[in-house]
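Heads up, the thing below is written out as structure tokens.
The values are calculated or read from the model by the stated rules, or taken from the named source; none is laboratory data. Worth saying up front: this structure is predicted, and the values here are computed from it rather than measured. Glycine gets a Cβ as well: all are built from the backbone with ideal geometry, and neighbour counts include every protein chain shown. The accessibility values were calculated without ligands, DNA or RNA, using every heavy atom of the protein model including side chains. Shrake-Rupley method; radii C 1.70, N 1.55, O 1.52, S 1.80 Å.
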Amino acid sequence: MNNEKLLQIASLFAFEGEIESVTPLGEGFINDTYVVTTVGNSPNYILQRKNHNIFPDVPKMMDNIAAVTAHIKGKVADPLRHTLTITPARDGKLYAQVDDNFWAACLFIAGSKSYERADTLELAYQGGKGIGLFQSQLSDFTTPLHETIKGFHNIRYRFEQWDASVAADAAGRVAELAEEISWIASRREKMLAFWALVEDGTIPTRVTHNDTKLSNILFDAESDQVLCAIDLDTVMSSTSLNDFGDAIRSYTNTGAEDDRDLDRVSMNIDIFRAYAEGYLSERKSSLTDSEKEWLAFSALYITYEQVLRFLMDYIDGDKYYKTISADHNLVRTHAQYRLLQSMESQYIQMQEIIRELTAE
Ligand code: ADP
Ligand code: GN1
Ligand code: MG
């Protein structure tokens, strides 16, 4: 998008101070993110084009984010740094619609940083603590939330989409994917059996983040202590296990999510332990026995779901995730599958660690 257009969109928001520049930021797969700098001492901002194809009702999504961040602000020492602060449009709405696109803005948290890789145990611990805190801060939030993406981590719903995608074969790729498709089929019943426990209430439903990869946590740039969870587009009701599982999928990977060299991909069990320690330092006393029992499995569940989602997008002809090559979603599928296999081979140790950390 050209700079003049970006400046024009930025001018729709109630930013303090004169806008100096609008520049792209981050490596998100869904939205387009920019930093808006202003002249002098005025704050800087984040400006985001929210992907309307993926989030069908952006106004309702922004209502969710406003409600959740207002709730958190009432509980933290520094409300401008310990959660997001939405900057509304000049007409008072929480977003601006320009042509077919929806845009939203928030305060850029000064002195913060995010990471793409968890290279130290301390970072993993801090990230786990951050999501634990986020769940605790929202444990008494009772306002119903809109479902911003239908069935987001609901594997029963994902299988409905999957079956339809495979049958439609929109990009003509199914014939060459027999092996990959068998990876999904062979674990289907096991994943459904887990989800049935969420459906029947054995595993409780809470307010959860649902996209807990490392880059969605801000850390203090000086101390590396966690500041807050960001990227709140998918805050919804679900099982808290999804937040744990998705973070383990992201933090523990010794390779990249789209690594072409599968030998680089595996689950680092020390990072697993460090994240679990950080998370449980906040949540141990609040989790039910059923949550504790299924915590380790949640990493396998979400990683499996991610294999399915990448492969499904490849089958659909790359409609959902941003891609940089024709086989990008297939490369991601293979790399996530390798990660899943690594988790499966270390599952007994993962369970032991959780048992040890949750013991009375
Ligand atoms: P996406 O949906 O594209 O993943 P995010 O909301 O996660 O977008 O933002 C992308 C990156 O921008 C983050 O990983 C972080 O580095 C930075 N970022 C986002 N919001 C803020 C903020 N309020 N303050 C400082 N940095 C931010
Ligand atoms: C997307 O938006 P971003 O890049 O933080 C995706 C997650 C995936 C992740 C894989 C709304 O996250 O669910 O796990 O990519 N977000 C959405 O990296 O689909
Ligand atoms: Mg993000």
Within the range 188-211, the residues that are more than 16 Å from ligand 1 (Cβ to nearest atom) and either part of a loop (DSSP other than H, G, I, E, B) or without any contact (Cβ under 8 Å) to a residue 12 or more places away in the chain (or both) are 189, 190, 193, 196, 200, 201, 202, 203, 204, 205
* residue 171: away from ligand 1 (no atom under 16 Å from the Cβ), small (Gly, Ala, Ser), free of Cβ contacts under 8 Å to residues at least 12 places away in the same chain and not in a strand (DSSP E or B), yes or no? -> no
Picked from the range 22-39 (must be of a type in the set (A, V, I, L, M) and open to solvent by less than 50 Å² (accessible area, probe 1.4 Å)), the residue nearest to ligand 1 (Cβ to nearest atom) is 30
Of the residues in the range 212-234 that are more than 12 Å from ligand 1 (Cβ to nearest atom) and not small (Gly, Ala, Ser), the one that is nearest to residue 83 (Cα to Cα) is 226
Among helices (runs of 4 or more DSSP H) completely within the range 55-168, the ones holding 1 or more residues that are closer than 26 Å to residue 16 by Cα are 58-73
It is to be established whether one or more residues within the range 53-76 are within 16 Å of ligand 2 (Cβ to nearest atom), open to solvent by less than 50 Å² (accessible area, probe 1.4 Å), without any contact (Cβ under 8 Å) to a residue 60 or more places away in the chain and among the aliphatic types (A, V, I, L, M). yes
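Out of the residues in the range 40-52 that are within 21 Å of residue 102 (Cβ to Cβ) and at pLDDT 95 or above, which is most open to solvent (accessible area, probe 1.4 Å)?
Ranking the candidates gives 49 first.
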For the range 318-357 the number of residues that are among the β-branched types (Val, Ile, Thr), closer than 25 Å to residue 284 by Cα and open to solvent by 20 Å² or more (accessible area, probe 1.4 Å) is 1
From the option list 256, 247, single residue qualifying as in a loop (DSSP other than H, G, I, E, B) and in contact (Cβ under 8 Å) with a residue 40 or more places away in the chain is 256
In the range 221-252, residues that are within 16 Å of ligand 3 (Cβ to nearest atom) and either aromatic (Phe, Trp, Tyr) or more than 18 Å from residue 138 (Cβ to Cβ) (or both) total 3
### Query
Is it the case that residue 71 is modelled with pLDDT of 95 or more and farther than 15 Å from residue 218 by Cβ?
yes
Within the range 320-360, residues being assigned to a loop (DSSP other than H, G, I, E, B) and closer than 29 Å to residue 292 by Cα number 3
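Looking at 311, 280, 295, which one is within 19 Å of residue 179 (Cβ to Cβ), buried (at least 16 other Cβ atoms within 10 Å of the Cβ) and of a type in the set (A, V, I, L, M)?
311
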